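The values are calculated or read from the model by the stated rules, or taken from the named source; none is laboratory data. The shown structure was predicted, so the numbers you read here are calculated from the model rather than taken from an experiment. Positions of Cβ are generated from backbone atoms using ideal geometry, with glycine treated the same way; all protein chains shown enter the neighbour counts.
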C-alpha cells in the first residue's frame, strides 16, 4: 500500500476553485448541477451558502473556496454545484459543494498519486487524500469526509432540519 492508502486505479471528478484543480473520488459524487438559486439560512457559518431544493429534498450548499480560505465563489456561466455524499461517524449527509467549474472525470493509479504534503504541525492537511500527478501539474485529491469537522456537519444537519421542505424552492 502506498502512503495515500490508494491501491488501485480510481476515477476522480476534477473541478476548479480559483486557479487550483481539485478532485473527488467519483464514488462520492452523486451528480453535478448547474448553479441554481440558493436560499440563505440565518446563523450559519460563512462557508455555508444556504440550501437548495433537489427533487423535494433540502440539500445544504457549501462554498469550498471560503472553507479553504479563498474568496467567495461568484456565479459565472461555469459555476456549478457538485452533489456529494459525506460520511462522518457512520452518518451520511448529502451536501452540495460550489465549484468554479467542473473539468473532467479522470483515472489515476497509485503510481500517479503522491502523499499529501506535510506542512508543519499547525496546518491540518488530513482532508487531502493525495496529490495526483497529471502532465506537469498536480491535482489536489480531497477526502470529502474529512473536509468538514463533525461539529460543522452537525450544524449543517441541524440547519437543514429547520428548513421546511417547501421553503427551499
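Assess whether residue 147 counts as being at pLDDT below 90 and either exposed (fewer than 12 other Cβ atoms within 10 Å of the Cβ) or closer than 16 Å to residue 22 by Cβ (or both). Yes, satisfied. Within the range 61-70, take every residue that is in contact (Cβ under 8 Å) with a residue 24 or more places away in the chain and within 25 Å of residue 137 (Cβ to Cβ) and give me the one that is surrounded by the most Cβ atoms within 10 Å (Cβ to Cβ). Top of the filtered list is 63. Is it the case that the range 110-130 has a residue that's surrounded by fewer than 20 Cβ atoms within 10 Å (Cβ to Cβ), at pLDDT 95 or above, under 17 Å from the mean Cα position of the chain (by Cα) and assigned to a strand (DSSP E or B)? No: the range 110-130 contains no residue that is surrounded by fewer than 20 Cβ atoms within 10 Å (Cβ to Cβ), at pLDDT 95 or above, under 17 Å from the mean Cα position of the chain (by Cα) and assigned to a strand (DSSP E or B). Evaluate the range 94-102: report whether one residue or more is more than 16 Å from residue 143 (Cα to Cα) and free of Cβ contacts under 8 Å to residues at least 24 places away in the same chain. No, the conditions are met nowhere in the range 94-102.
Of the numbered criteria (1) in contact with a helix residue (DSSP H, G or I) (Cβ under 7 Å, 6 or more places away or on another chain); (2) assigned to a strand (DSSP E or B); (3) surrounded by fewer than 16 Cβ atoms within 10 Å (Cβ to Cβ), the one residue 97 fails is (3). Screening the candidates 73, 44, 36, 92 for the property of being in a loop (DSSP other than H, G, I, E, B), surrounded by fewer than 15 Cβ atoms within 10 Å (Cβ to Cβ) and in contact with a strand residue (DSSP E or B) (Cβ under 8 Å, 6 or more places away or on another chain) yields one hit, 36. Quick check on the range 47-60. Is at least one of its residues buried (at least 17 other Cβ atoms within 10 Å of the Cβ), touching a strand residue (DSSP E or B) at 6+ places or on another chain (Cβ under 8 Å), under 22 Å from residue 105 (Cα atoms) and in contact (Cβ under 8 Å) with a residue 60 or more places away in the chain? No: the range 47-60 contains no residue that is buried (at least 17 other Cβ atoms within 10 Å of the Cβ), touching a strand residue (DSSP E or B) at 6+ places or on another chain (Cβ under 8 Å), under 22 Å from residue 105 (Cα atoms) and in contact (Cβ under 8 Å) with a residue 60 or more places away in the chain. The set of residues in the range 47-70 that are closer than 19 Å to residue 103 by Cβ and in a strand (DSSP E or B) contains only 63.
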